[in-house]
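Asker: Dumping the structure here so I can ask a few things about it.
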Amino acid sequence: MLSPGRTVSSRLLRPGSWILLRHGCEQRAASTLQKELIKKQELEKDELRPLYMDFQATTPMDPRVLDAMLPYQVNYYGNPHSRTHAYGWESENAMETARKQVADLIGADPREIIFTSGATESNNMAIKGVARFYQAKKRHVITTQTEHKCVLDSCRVLESEGFNVTYLPVQKNGLVDLELLEASIRPDTSLLSVMSVNNEIGVKQPIKEIGQICRAKGVFFHTDAAQAVGKIPINISDWKVDLMSISGHKIYGPKGVGALYVRRRPRVRLEPLQNGGGQERGLRSGTVPTPLAVGLGAACSIAQQELEYDHQRVSMLADRLVKKIMSGLPDVIMNGDPEKRYPGCINLSFAYVEGESLLMALKDVALSSGSACTSASLEPSYVLRAIGADEDLAHSSIRFGIGRFTTEEEVDYTAEKCIQQVSRLREMR
């Protein structure tokens, strides 16, 4: 039993509030109750907010995106599907302009862009939609063990419906083995889904090569590109992708909007998840929220204009952060391939330090841990487990996210605080 006298706040946390943690994890993290009370306590403090270094979780909206959206929140409020008056026409024009802006960013035809509520819905639509449409002849789907949870859970739903799903392992660098992938394709394989950039360790999968394999084998290829669109150059034709998921809030756009690219030639057929008015080519019924669509379009347009500059700047800042931390601390390991990666997503493991403890020590920097915690147990991230990371190192991982608005001062401060706190925690062992 943990002692209240040793806790962060003995005033707030009474002995009756404590729960037993799994054996051997007492020093790894506080209970769920502790965490919730600590969060509440921190939020109630009249202090400056922590600096933001978690750009893989979400991004702040670019002010230019907000400027584009505001007129459609107040003045141009027509239903874009109303065809009998000017209010509908002006909203429809804005929606179609946004559709073209999204398409231009990835080299697609505007008619191939379907607006959704975000990448989770897009992933569900692509995986379940394709599998169910072609299930009469093909009942096999392939994905990898390091996909986003919404992809893995969609595949589990298909398994419950009688589909066969192959979850490909990845190599120690986080990349899929192309020979194993090709060998896993069967005559009844309808779809293969592999994410472009991993949200946790930042590795870039060989999407172009996977697309060529799928096209040669007659298998539809879906990629979750939520962490890639607007950050790395993408051309749908070069990649030979049939379906691609896009998220608005990962590219400095609004939350609650995303898109699904669905190739028209060769045509990809989907069974819709929701039915109704037949909007979005009958694939996603429901009124398209014009302000959100406009925001996504504006975010894509800005990303297209500034992609090269953003990538160079993020690369410089990421290199600065890694060099400072690794030169100031021994026993620091970068998870994932050091070269084939998006530089703005850095996942480091600090030997001899628990990631949750380090996050609490770095409370003035908004970061995330590679460890996934539940109320009753503490398990390392399934992504880190998949790349074969040692359990202790997996528990000691921290993800640093760098983006468009990150400054050199923020990077330097984060590195210095990280060095200071890791050294302190190691001395306490």
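Asker: Under the condition of being within 25 Å of the chain's Cα centre (by Cα) and touching a residue at least 60 places away in the same chain (Cβ under 8 Å), which residue from region 272-288 is surrounded by the most Cβ atoms within 10 Å (Cβ to Cβ)?
Answerer: ARG284
Asker: While we're here: Quick one: which helices (runs of 4 or more DSSP H) lie wholly within region 44-142 and hold at least 3 residues that are without any contact (Cβ under 8 Å) to a residue 12 or more places away in the chain?
Answerer: On the way: elements: 63-74, 86-106, 119-133.
The helices (runs of 4 or more DSSP H) meeting that bar are 63-74, 86-106.
Asker: Evaluate region 285-306: report whether one residue or more is in a helix (DSSP H, G or I), farther than 20 Å from THR414 by Cα and among the acidic types (Asp, Glu).
Answerer: Start the filter on region 285-306 by keeping residues that are in a helix (DSSP H, G or I), which leaves 290-306.
Right, trim to farther than 20 Å from THR414 by Cα and you get 290-306.
Narrowing further to those that are among the acidic types (Asp, Glu): 306.
Yes, that holds for at least one residue.
Asker: Of all residues in region 143-158, how many are touching a residue at least 12 places away in the same chain (Cβ under 8 Å) and over 20 Å from LYS204 (Cα atoms)?
Answerer: Residues of region 143-158 that are touching a residue at least 12 places away in the same chain (Cβ under 8 Å), as a first pass: 143-148, 150-152, 154-155, 157-158.
The next check asks that each one be over 20 Å from LYS204 (Cα atoms); those that pass are 154-155, 157-158.
Going through region 143-158 one residue at a time, the tally reaches 4.
Asker: Looking at (1) closer than 27 Å to ILE402 by Cβ; (2) buried (at least 18 other Cβ atoms within 10 Å of the Cβ), which is the only condition SER91 fails?
Answerer: Condition not satisfied by SER91: (1).
Asker: I'd like the full set of residues that are in contact with a Ser or Thr (Cβ under 7 Å, 6 or more places away or on another chain) and buried (at least 24 other Cβ atoms within 10 Å of the Cβ), limited to region 252-271.
Answerer: TYR252, VAL257, GLY258, ALA259, LEU260
Asker: Right, another one. For region 326-337, what are the residues that are in contact with a Ser or Thr (Cβ under 9 Å, 6 or more places away or on another chain) and buried (at least 22 other Cβ atoms within 10 Å of the Cβ)?
Answerer: ASN335
Asker: Within region 245-281, track down each residue that is more than 30 Å from LYS217 (Cα to Cα), touching a helix residue (DSSP H, G or I) at 6+ places or on another chain (Cβ under 7 Å) and of a type in the set (Gly, Ala, Ser).
Answerer: GLY248, GLY253, GLY256
Table: residues versus (1) polar (S, T, N, Q); (2) open to solvent by 10 Å² or more (accessible area, probe 1.4 Å); (3) at pLDDT below 80.
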site	(1), (2), (3)
ALA372	no, yes, yes
GLU379	no, yes, yes
VAL383	no, no, no
ASP390	no, yes, no
LEU393	no, yes, no
PHE400	no, no, no
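Asker: Next question. Filter region 338-362 down to the residues that are of a type in the set (Asp, Glu), farther than 17 Å from ASP54 by Cβ and buried (at least 20 other Cβ atoms within 10 Å of the Cβ) and list them by number. Don't jump to the end; show me each part of the working.
Answerer: Initial filter on region 338-362 (of a type in the set (Asp, Glu)): 339, 354, 356.
Within this subset, residues satisfying the condition of being farther than 17 Å from ASP54 by Cβ are 339, 354.
Within region 338-362, GLU354 is the sole residue that qualifies.
Asker: Among the residues of region 156-176, what is the count of those that are basic (Lys, Arg) and part of a loop (DSSP other than H, G, I, E, B)? Before you say what the answer is, go through the steps one by one.
Answerer: Here is the first cut: in region 156-176, the residues basic (Lys, Arg) are 156, 172.
So of that shortlist, the ones also part of a loop (DSSP other than H, G, I, E, B) come out as 172.
The number of residues fulfilling the criteria is 1.
Asker: Taking ARG64, is it modelled with pLDDT under 95, open to solvent by 50 Å² or more (accessible area, probe 1.4 Å) and under 30 Å from PRO343 (Cβ atoms)? If you could, list the steps in order and put the result at the bottom.
Answerer: On the way: modelled with pLDDT under 95: no; open to solvent by 50 Å² or more (accessible area, probe 1.4 Å): yes; under 30 Å from PRO343 (Cβ atoms): yes.
In short, no.
Asker: Another question, then. Any chance you could count how many residues in region 309-341 are under 19 Å from ALA389 (Cβ atoms) and not polar (S, T, N, Q)?
Answerer: Keep residues of region 309-341 that are under 19 Å from ALA389 (Cβ atoms), which gives 322, 325-326, 329-341.
Remaining after also requiring not polar (S, T, N, Q): 322, 325-326, 329-334, 336-341.
Looking only at that region, the number is 15.
Asker: Mind listing just one residue for me: the one in region 195-226 that is in a helix (DSSP H, G or I) and among the charged types (D, E, K, R) and, of those, nearest to TRP239 (Cα to Cα)?
Answerer: Let us first name the residues in region 195-226 that are in a helix (DSSP H, G or I), namely 207-217.
Filter once more, keeping what is among the charged types (D, E, K, R): 208-209, 215, 217.
Details: LYS208: 4, GLU209: 8, ARG215: 10, LYS217: 15 Å.
Looking at the filtered set, the residue picked out is LYS208.
The values are calculated or read from the model by the stated rules, or taken from the named source; none is laboratory data. In this text, all values refer to a predicted model and were calculated from it rather than measured experimentally. Here the Cβ is made from the backbone with ideal geometry for all residues, glycine too, and neighbour counts use every protein chain on show. Ligands, DNA and RNA are stripped out before the accessible areas are found, and what is left, the full protein with its side chains, is counted by its heavy atoms. Shrake-Rupley method; radii C 1.70, N 1.55, O 1.52, S 1.80 Å.
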